[in-house]
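The values are calculated or read from the model by the stated rules, or taken from the named source; none is laboratory data. Quick caveat, the model's predicted, so the values are computed rather than measured. Note that each Cβ is placed from the backbone with ideal geometry, even for glycine, and that neighbours are counted across all protein chains shown. The accessibility values were calculated without ligands, DNA or RNA, using every heavy atom of the protein model including side chains. Shrake-Rupley method; radii C 1.70, N 1.55, O 1.52, S 1.80 Å.
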Amino acid sequence: MRKKKMKQIGVLLVGFCLLLSGCSPKQASDQTENTEEVQRYAWPLGTSSPEDTVTQLMAERFAEEVERLSGGTMKIAVYPNSVLGGDRELLESCKDGDIPFVVQNTAPQVTFMPDTAVFDLPCAFDTMEAVRSHVDDEQFFACIQKVYRKGGYELLGYADQGFRVMTTNDKVGSIADFKGQKIRTMENSYHIQFWKLLSASPTPMTFSEVYIGLQQGTIDAQENPYEVIVSNKLYEQQKYVVETNHLPHLISLIVSDSFMQDLSEEKQEIIREAAQTAKDYAREQSDERIASRIQTIRDSGTEVITLDEQTREEMREASQPVYDAIKKKVDPALVDSYLGE
């Protein structure tokens, strides 16, 4: 009931905007193709992230580029902070075409598109440059694009917030040091299985409870990208940040497939070109912000630990059962394409 109510609130907000303008997203896409005609209202783009994030930077740059490339005749309004609904509600509304554009992490998409669990393969890459190269690969992008289109979306590109890393009060220098650590994870079976294979004690928990959980000792550790660790001051309650780099934190820019197909080829090309620019910009900002976040953590007195290659290889070997589990649920060809095999 709560989720349904949130979606209704989001749709009502969009409806209010449309009422003021007198048209809907689909009606707007049916307007004359005269490039001099300006939209009567801005197409909504929803995110569940706060303003000071790479997600917001990507969304804003995308909106700016669409307006610039169209000479001001195409406009997008960005709504952060779950104003139009949480991740699930945004996906549902985007599929229906009520909210044409969404920028979000890939994790909540697994429920709607199980093959996106390919991004839950742990310790697959050692650098973000390798991750970006693989998700941009033409063969892989064509494969994953089919997954999104089957779900009712068009994928416009992936940016990221770097890797997910671990914060803890127990120093980690080898794979044996993970044993017994109570680490908060998302409610994701593959994430939970990964940490169990490292002999840790994964504990799914609502993110809003993580800071207090660390403060009160309910949990010993947690894992998130640097952006989240600093913006929520989680490092204040931890002695170490361990660069486990176990998963990339990808951010997808998607558009409703039905909405996109109603646009002229010229407008579709503008949207795709703007998405490419926004993706590149978001990646640059992510790299700069990670360096800044690491410095903030070090300045606070929290130690940043980089694991050696032997430990990384042992983590990779230990996590193979996760690969087996994902390959049972995800198209094996998609897995091979993602890994470059």
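Rolling a 1.4 Å probe over the heavy atoms of the protein chains gives the chain an accessible area of 44 Å² per residue.
Relative to the longest principal axis of the Cα atoms of the chain, the long axis of helix 320-329 lies at roughly 30 degrees. The residues packed around residue 276, meaning those with a beta-carbon under 14 Å from its beta-carbon, carry a net charge of -3 if Lys and Arg are +1 and Asp and Glu are -1. Were the residues from residue 127 through residue 179 laid out at 0.36 nm apart, the gain over their Cα-Cα distance would be 16.2 nm.
Heavy-atom accessible area with a 1.4 Å probe sorts 328, 171, 146, largest first, into 328, 146, 171.
Going by alpha carbons, how many degrees (0 to 90, nearest 10) lie between the helix axis of 54-69 and the longest principal axis of the chain? With rounding to tens, the tilt is 30 degrees. Considering helices alone, the calculated mean residue ellipticity of the chain at 222 nm is -15000 deg cm²/dmol, with DSSP H runs of length four and up weighted by -39500 (n - 2.57) and normalised per residue.
Using only side-chain charges placed at the Cβ, +1 for Lys and Arg and -1 for Asp and Glu, the dipole size of the stretch 159-254 relative to its Cα centre rounds to 200 debye.
The C-alpha atoms of the chain define a longest principal axis, and helix 2-21 lies at about 30 degrees to it.
Would you look at the GNM of the chain, springs on alpha carbons closer than 10 Å, and say which of 316, 184, 298 moves the most? Between 316, 184, 298, it is 298 that shows the largest mean-square fluctuation.
Taken as Cα centroids, the stretch 319-341 and the stretch 203-274 sit 22 Å apart, rounded to the nearest whole angstrom.
Stretching residue 75 away from residue 292 to a fully extended chain increases their span by 74.9 nm, per 0.36 nm per residue minus the current alpha-carbon distance. Anyone know which of 161, 109, 139 comes out most mobile in the 10 Å Cα GNM of the chain? Highest fluctuation among the options: 139. Distance between Cα centroids, the stretch 63-141 to the stretch 142-192: provide it in whole Å. Value for the Cα centre distance between the two parts: 15 Å.
Can you compute the FRET efficiency between residue 300 and residue 266 using 1/(1 + (r/R0)^6), with r the Cβ-Cβ distance and R0 = 56 Å? Round to the nearest 0.05. The computed FRET efficiency comes out at 0.65. Rounded to the nearest 10 square angstrom, residue 273 shows an accessible area of 90 square angstrom against a 1.4 Å probe. In terms of accessible area, using a 1.4 Å probe and ignoring ligands and nucleic acids, 265, 92 rank largest first as 265, 92.
Across the alpha-carbon atoms of the chain, the computed radius of gyration and Dmax are 20.7, 65 angstrom.
Once the Cβ-Cβ distance of residue 208 and residue 111 is raised to the sixth power relative to R0 = 22 Å, the FRET efficiency obtained is 0.60.
With K and R counted +1 and D and E -1, the other residues having a Cβ less than 13 Å from that of residue 309 yield a net charge of -4.
Label zone (residue 273, point 7 Å along Cα-to-C-beta; backbone nitrogen cut-off 19 Å) within the stretch 61-102: 61-76.
Computing the accessible area with a 1.4 Å probe over protein heavy atoms, can you report the carbon and sulfur percentage for the stretch 177-241? Carbon and sulfur together cover 46 percent of it. Computed in the context of the full set of protein chains, the accessible area of the stretch 52-138 at 1.4 Å probe radius has 43% of its extent on carbon or sulfur.
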